[in-house]
Amino acid sequence: MSSADDVLVPPRPEPEESTSEPPALLGPESPGDEPCLRADAARNRARLLDAAARLVAEHGAAGVTMEAVAAAARVGKGTVFRRFGDRTGLLTALLDDSEQKMRAAILTGPPPLGPGAPPVERLRAFGVTVLRRCVDEMDLQLAAEPGPERRYTVPARRFHHSHVALLLRQALPDADHDLLAHTLLGYLDPVLIHHLTRQSGVSLRRLEHGWRDLVDRVTGGSAP
């Protein structure tokens, strides 16, 4: 059975698949902006995220508020709100780096997470990678969890759904890929993983085995 160890490597240049999502969770400035203004905006964003990262390191995700980030970055609170919208947007931006690494590995990295492996193997590798990332970033993932009205529309989650649905379409041509993708992704929900690992004492190893078993039972364990 395939493993997802060591899959987050520098991407190869040619992607195998694409989605309608932008390459970043928070997009760049408008192409019509002056270059110096875009550079200033990028520096300001990096400064705010650096301040937020310091707060996470010192106080945990609970210590990251718009007011605290503004104070740490020595800017007005309105600046933080204009740049990120709300606290969830700020925390989501903090997760952007690891999300982009994972997206690159999915689109252009080596198999089994990246292109080149059968779809069922890629599904197994995807879930294991998400589980490990969620456990590593648990507090931040929970703090960035959107409300019900946005939970399934944030770019990262839409990308994951599109990817899983694509692999299911390849493995199970006659299935309802969209609904089945939501079902599988429910296993990878950060709130559920928090409950299982931190409140119920379930090991990551057991969760990984459970994911592989679920994928095999749903798909029959092999690509057509």
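The values are calculated or read from the model by the stated rules, or taken from the named source; none is laboratory data. As the structure is a computational prediction, the values presented were derived from the model and not from experiment. Cβ placement follows ideal geometry from the backbone for every residue including glycine, while neighbour counts extend to all protein chains displayed. Accessible surface is based on the protein model in full, side chains and every heavy atom, while ligands, DNA and RNA are left aside. Shrake-Rupley method; radii C 1.70, N 1.55, O 1.52, S 1.80 Å.
Tallying residues that are part of a helix (DSSP H, G or I), open to solvent by 10 Å² or more (accessible area, probe 1.4 Å) and closer than 27 Å to H195 by Cβ within region 95-115 yields 5.
Checking the structure you have, find out if any residue of region 81-90 is over 21 Å from H209 (Cα atoms), among the aromatic types (F, W, Y) and surrounded by 21 or more Cβ atoms within 10 Å (Cβ to Cβ).
Going residue by residue through region 81-90, those that are over 21 Å from H209 (Cα atoms) are 81-90.
Okay, now just the ones that are also among the aromatic types (F, W, Y), so 81, 84.
Next, only the ones that are surrounded by 21 or more Cβ atoms within 10 Å (Cβ to Cβ) stay: 84.
Checked against the condition, which is being over 21 Å from H209 (Cα atoms), among the aromatic types (F, W, Y) and surrounded by 21 or more Cβ atoms within 10 Å (Cβ to Cβ), region 81-90 yields at least one hit.
Just need a number here: residues in region 42-74 that are of a type in the set (A, V, I, L, M, F, W, C), more than 15 Å from D139 (Cβ to Cβ) and touching a Lys or Arg at 6+ places or on another chain (Cβ under 8 Å). First the steps, then the outcome.
Residues of region 42-74 that are of a type in the set (A, V, I, L, M, F, W, C), as a first pass: 42, 46, 48-49, 51-53, 55-57, 61-62, 64, 66, 68-73.
Checking the rest, the ones that are also more than 15 Å from D139 (Cβ to Cβ) come to 42, 46, 48-49, 51, 66, 68-73.
Those left that are additionally touching a Lys or Arg at 6+ places or on another chain (Cβ under 8 Å): 48, 66, 70, 72-73.
Looking only at that region, the number is 5.
When P118 is tested against (1) open to solvent by 30 Å² or more (accessible area, probe 1.4 Å); (2) in contact with a Ser or Thr (Cβ under 8 Å, 6 or more places away or on another chain); (3) over 30 Å from R205 (Cβ atoms), just one condition goes unmet, and that condition is (3). Checked against (1) closer than 23 Å to A156 by Cα; (2) of a type outside the set (D, E); (3) open to solvent by less than 50 Å² (accessible area, probe 1.4 Å), G221 passes all but a single condition, namely (1).
Mind telling me which of the residues L207, L185, L192, L196 ends up being over 18 Å from D136 (Cβ atoms), assigned to a helix (DSSP H, G or I) and not acidic (D, E)?
On the way: L207 fails: over 18 Å from D136 (Cβ atoms); L192 fails: over 18 Å from D136 (Cβ atoms); L196 fails: over 18 Å from D136 (Cβ atoms).
Only one candidate passes the filter, namely L185.
As a summary of the residue check, I193 satisfies the conditions (1) without any contact (Cβ under 8 Å) to a residue 40 or more places away in the chain; (2) open to solvent by less than 30 Å² (accessible area, probe 1.4 Å); (3) more than 15 Å from R124 (Cβ to Cβ) except for the one numbered (1).
To keep it simple, each residue is scored yes or no on (1) at pLDDT below 95; (2) in a helix (DSSP H, G or I); (3) more than 23 Å from G210 (Cα to Cα); (4) open to solvent by 50 Å² or more (accessible area, probe 1.4 Å).
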| residue | (1), (2), (3), (4) |
| --- | --- |
| V128 | no, yes, no, no |
| Q141 | yes, yes, no, no |
| P148 | yes, no, yes, yes |
| H161 | no, yes, no, no |
| Q170 | no, yes, no, yes |
| A175 | no, no, no, no |
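Annotation note: Cβ proximity below 9 Å between a residue of region 76-91 that is at negative phi and a residue that is basic (K, R) and outside any loop (DSSP other than H, G, I, E, B) (sequence gap 6+ or interchain) occurs for R83/R45; F84/R45; G89/R83; L90/R83.
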